[in-house]
Amino acid sequence: MTPFKTSRLFDCTYSDPNPIIIHCGGTSSGKTYSILQVLLIRAITEPERVITVVGQDIPNLKKGSYRDIQHIIADSPYCQAHLVTHNKSDRLFEFRSGSLIEFVSFEDFQDAKNGKRDYLFCNELNGIEYPIFAELQQRTKIQTFADFNPTAEFWAHEKLKMRPDVSWYTSNFRHNPFIDPKTLNDIKGYEPTPENIARGTADEWRWKVYGLGELGRLEGVIFERWDFGAWPAEHQWHGYGLDFGFTNDPTGLVEVCVSGGELYIRELIHEHAMTNGDISTRMAQLAIDRRAEVVCDSAEPKSIEELYRLGWNVHPAIKGADSIQHGIDTLKRYKLNVCGNSPNLARELRAYRWKVDRNGKALNVPIDTDNHLIDAIRYIVTYKLKPKIIASQGGALV
Ligand SMILES: Nc1ncnc2c1ncn2[C@@H]1O[C@H](COP(=O)(O)OP(=O)(O)OP(=O)(O)O)[C@@H](O)[C@H]1O
Ligand SMILES: [Mg+2]
């Protein structure tokens, strides 16, 4: 008997003695819940354990595993009876056993060298860079858990999947008996059935990755040539791209530079509900030079004017019949280097794909979702390169 309602994913996670346990799977299969339940039992029944839950950044933790653990505890009198304190500012739970569970993120692998732990949980592993994982794993005494949605192949497939000390489980929504009807309906809507195609909800790639929990094919991915890199000491030019959002979409701001024929990009803002005043304040906090060019989504002339009046060197992005296609083609000529702490950018690049026709053939139209930072990159890069494109009539750019 366990103190919670549990699923089969919990059973295999709880009883598996391997030092590394990876859950790859579709959305809402119960991966995060099951791992957290196992960690709670360990924290409550074992003395003086340190348990670290790591996410790619704090906002992702807050809407993911940190929120989930609070729901699990709220639903469990057993957990409540053993919990001594929940320190919200440190995102730390302390138990009667003397064990604690902390929720943290790390800037880089140097940062990840701080601290040791008994259990580690890397939530959404594909948002965590390998050097960070390696440092954390090395400082974990008993067991490491991880979960992710298989949007594309990443370092874990190469470095972890085949190891004998790694258990690799694949799951999907069918493994979760507690899934709510709306989520179930949304997931089933992706399946390319005739009804879903007629309703416009079918999406073969989403069905594969988020529905079935199978690895997303690389063929449809738009940007294959990208990697993590360090911001170069010298560059030919640099500037900023800004995509406006508010309620449904986040505002995205990137800094981009060209050095040695490669593009270097860092994510500066990826946040909802920002007014133009908020954007201006944040840009000032980021110490952005007011003379630097900031190229913005031209669909919002009023916002551009407001930022201009607030003292920024803002310009509308170049729009035209083929501007999206052309912008993507331009970016694809470069190797892209993702610098600094840019987790949302890395996620967008991994998932950005072409629409496909009913035979699976890629159309030259990107799927217009979760691409705010990519759009912002497109704005600044096409703006900066325009004169040269005209000069060379579409030939070499930099
Ligand atoms: N043991 C459980 N008891 C009660 N509810 C559960 C349990 N397991 C899962 N659920 C419900 O199912 C939802 C999805 O589970 P969970 O968040 O663990 O999925 P996931 O596989 O981590 O999904 P994603 O890949 O989207 O992060 C939870 O938000 C919760 O509502
Ligand atoms: Mg999860």
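The values are calculated or read from the model by the stated rules, or taken from the named source; none is laboratory data. Model, not experiment: these values are computed from the prediction. Here Cβ is always computed from backbone atoms with ideal geometry, including for glycine, and neighbour counts include all displayed protein chains.
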Subject >> Hits in region 1-36 - residues which are more than 8 Å from ligand 1 (Cβ to nearest atom), surrounded by fewer than 22 Cβ atoms within 10 Å (Cβ to Cβ) and over 11 Å from residue 121 (Cα atoms) >> reply: 1, 2, 3, 8, 11, 12, 14, 15, 16, 17, 18, 19
Original post:
In this structure, is residue 182 under 24 Å from the mean Cα position of the chain (by Cα) and surrounded by fewer than 10 Cβ atoms within 10 Å (Cβ to Cβ)?
Top reply: yes
Subject >> Matching residues, region 166-189, being within 8 Å of ligand 1 (Cβ to nearest atom) and of a type in the set (D, E, K, R) >> reply: 180
Original post:
When only residues in region 37-70 that are within 13 Å of ligand 1 (Cβ to nearest atom) and part of a loop (DSSP other than H, G, I, E, B) count, which is modelled with the highest pLDDT?
Top reply: 55
**OP:** Collect the residues in region 106-153 that are touching a Leu at 6+ places or on another chain (Cβ under 8 Å) and of a type in the set (Phe, Trp, Tyr), keeping them in residue-number order.
**Re:** 106, 119, 121, 133, 145, 148
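Considering only region 327-338, state which residues are assigned to a loop (DSSP other than H, G, I, E, B) and either buried (at least 21 other Cβ atoms within 10 Å of the Cβ) or in contact with a Ser or Thr (Cβ under 8 Å, 6 or more places away or on another chain) (or both).
None; the set is empty.
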Subject >> Scan of region 55-75 for residues that are away from ligand 2 (no atom under 13 Å from the Cβ) and buried (at least 24 other Cβ atoms within 10 Å of the Cβ), ordered by number >> reply: none
Original post:
Does region 145-165 contain any residue that is among the hydroxyl-bearing types (Ser, Thr, Tyr), assigned by TED's automatic domain parsing to the domain that holds residue 60 and within 16 Å of ligand 1 (Cβ to nearest atom)?
Top reply: yes
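Taking the criterion of being at positive phi and not aromatic (Phe, Trp, Tyr), would at least one residue in region 321-336 satisfy it?
There is no residue in region 321-336 that is at positive phi and not aromatic (Phe, Trp, Tyr).
Is it the case that residue 97 is touching a helix residue (DSSP H, G or I) at 6+ places or on another chain (Cβ under 9 Å), of a type in the set (Ser, Thr, Tyr) and away from ligand 1 (no atom under 16 Å from the Cβ)? Spell out the reasoning first.
On the way: touching a helix residue (DSSP H, G or I) at 6+ places or on another chain (Cβ under 9 Å): yes; of a type in the set (Ser, Thr, Tyr): yes; away from ligand 1 (no atom under 16 Å from the Cβ): yes.
Here the answer is yes, as residue 97 does meet what is asked.
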Subject >> Filtered residue count, region 272-303, keeping only those that are of a type in the set (D, E, K, R) and touching a residue at least 60 places away in the same chain (Cβ under 8 Å) >> reply: 2
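Checking the conditions here, which among 133, 109 is touching a Pro at 6+ places or on another chain (Cβ under 6 Å), free of Cβ contacts under 8 Å to residues at least 40 places away in the same chain and within 26 Å of residue 163 (Cβ to Cβ)?
The match here is 109.
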**OP:** Can you tell me which residue among 118, 90, 75 is within 15 Å of ligand 1 (Cβ to nearest atom) and acidic (Asp, Glu)?
**Re:** 75
Subject >> Positions within region 124-145 being aromatic (Phe, Trp, Tyr) and over 26 Å from residue 47 (Cβ atoms), in sequence order >> reply: 130, 133
**OP:** Those residues that are surrounded by 17 or more Cβ atoms within 10 Å (Cβ to Cβ) and either at pLDDT 90 or above or in the same structural domain as residue 331 (by TED's automatic domain parsing) (or both), I need them from region 204-214; list them, please.
**Re:** 207, 208, 209, 210, 211, 212, 213
Subject >> Qualifying position, being within 14 Å of ligand 2 (Cβ to nearest atom), at pLDDT 95 or above and not in a helix (DSSP H, G or I), among 34, 29 >> reply: 29
Original post:
Taking residue 168, is it in the same structural domain as residue 101 (by TED's automatic domain parsing) and in contact with a Lys or Arg (Cβ under 6 Å, 6 or more places away or on another chain)?
Top reply: yes
Subject >> Criterion: over 15 Å from residue 51 (Cα atoms), surrounded by 15 or more Cβ atoms within 10 Å (Cβ to Cβ) and touching a residue at least 24 places away in the same chain (Cβ under 8 Å) - qualifying residue of 160, 120, 100 >> reply: 160
